Structure formats: C-alpha cells, structure tokens
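Structure first, then comments.
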Amino acid sequence: MQTSTLSFLTVPLLAAGLIALSGCGKSSTPTKISYREIGICKSYQTPSSTQQAKADEGFAIFKIDSIDNSTNGSPFYLHPERFYVNQSTPEDKGNIYRQDRRFTNVDSKIGAALGVKYVPDSTIPKSEKLDEVGFFLIPLGTNNPSRGPEADQYNFTVAYDTGTGDRGTFDSVSEGIIFAKINAPNTKYPIVEDCKELALK
C-alpha cells in the first residue's frame, strides 16, 4: 500500500518538475542585449608589459550598450565570462566537445589598459534596464577558422552560454536572451596594431 501511495504522489510531482524544467532559460519576454563590435587589434599596453595577440589571432573588442530586462519578471545575472564567439567549422558546430568557442578574457587589467569601463558581473533587476554596460575583449582567430565568407569573416556574432554544469552533448545558447548587434549594415572591421587606435567610445 505504501509503495502505491508513493507512486501516486510521484507522478504529479514528476510532471510538475518537467514543466518547470521545460521553461528553464526560456521566456516569452526575453532579456535584450544591444551591443556593438568596435574592431580588432593586435596589442595593448598594461603598466608592466605589452599584451600581443598570437600570429593568427586578434583581440576583438565589443561594447554592450544596454541590457533591457524591462519586460522580464526575473532578474538577469550577467557573467561576462559567458560571452563568446563560435568559430567552429560547420562540421564541428553540432558537437559540444569539438566546438571552437572563444570566450571573453575577464582580466581586470584590460579596462584600465584601454581606458574604458570593462563589463563587470552585474545583476539587472526585474523590469529594469541598464545602459552603458561596458566593453569586453575576446581573442579570436583571424585565419577564418569557421570558414565563413572571406568578405565577412571579421563580422562576429556574440552569444551567451546559459548552460550550467556538465551539459553533455547539449548546447545552452543565449536561452531567454535576444542579441541585437547595432552596427550599421556593411560595417568593415579592419585589424589595427594598437587597440587604442580603435574608437573606444
């Protein structure tokens, strides 16, 4: 009798749990992140040394103009180390273990070296919007590792890893988030030597 009672109680609890999990990271009112790609550079100077990109890499610099959580009923927890650009080949994009995802360099010295506000960990409360969030830097391959169109290979798209723990073969990409890249159409992104040559504003 006790076993059947437990089974009877387990069914609705399991169903409720599955419903809750199915909505995890998804929202009919997603958080909107508006960002710009500033450009690509090869080096920047810290007080102690020059940071140089690898021969086939560059430092891609982005700016988050705003995080709009104004229509969402839950806080948005921003962890800049979760921003990334996926430079995987088409063959590897479907395999979480072979993907070439390039994540943010969260070294706190970068902001001071560039003279900008570097994106900090932040909490955007429910129903609020945060403007002028800050800049972040991702070391990216400049040898077109994703095999994209040559004319567009430096036009990078940012994503956000919303997964937790060991995701196995599953991707959790920007769930509950809409990214809006607000650069003008057909913007060109030349590579410059010194990061301070970029329009960091």
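How many of the residues in the range 160-195 are farther than 14 Å from residue 35 by Cα, touching a Phe, Trp or Tyr at 6+ places or on another chain (Cβ under 8 Å) and at pLDDT 95 or above?
Counting residues in the range 160-195 that are farther than 14 Å from residue 35 by Cα, touching a Phe, Trp or Tyr at 6+ places or on another chain (Cβ under 8 Å) and at pLDDT 95 or above gives 2.
Inspect the range 126-135 for any residue being under 17 Å from the mean Cα position of the chain (by Cα), closer than 14 Å to residue 83 by Cβ and assigned to a loop (DSSP other than H, G, I, E, B) and give the result as yes or no.
no
Please count how many residues of the range 174-201 are open to solvent by 50 Å² or more (accessible area, probe 1.4 Å), free of Cβ contacts under 8 Å to residues at least 60 places away in the same chain and more than 24 Å from residue 46 (Cα to Cα).
Residues that pass the stated criteria total 4.
In this structure, does residue 145 turn out to be open to solvent by less than 40 Å² (accessible area, probe 1.4 Å), more than 17 Å from residue 79 (Cα to Cα) and not in a strand (DSSP E or B)?
yes
Counting only residues that are open to solvent by less than 30 Å² (accessible area, probe 1.4 Å), charged (D, E, K, R) and at pLDDT 85 or above, give me the strands (runs of 3 or more DSSP E) lying completely in the range 1-108 with at least 1 of them.
31-45, 57-68
Name the residues in the range 109-125 that are in a loop (DSSP other than H, G, I, E, B), surrounded by fewer than 17 Cβ atoms within 10 Å (Cβ to Cβ) and touching a strand residue (DSSP E or B) at 6+ places or on another chain (Cβ under 8 Å), would you?
117, 120, 121
The values are calculated or read from the model by the stated rules, or taken from the named source; none is laboratory data. Owing to the predicted nature of the structure, the values given are computational and were not obtained by experimental measurement. Methodologically, a virtual Cβ is constructed for each residue, glycine included, from the backbone with ideal geometry; neighbour enumeration extends over all protein chains shown. We work out accessible area using only protein heavy atoms, side chains counted, and drop any ligands, DNA or RNA first. Shrake-Rupley method; radii C 1.70, N 1.55, O 1.52, S 1.80 Å.
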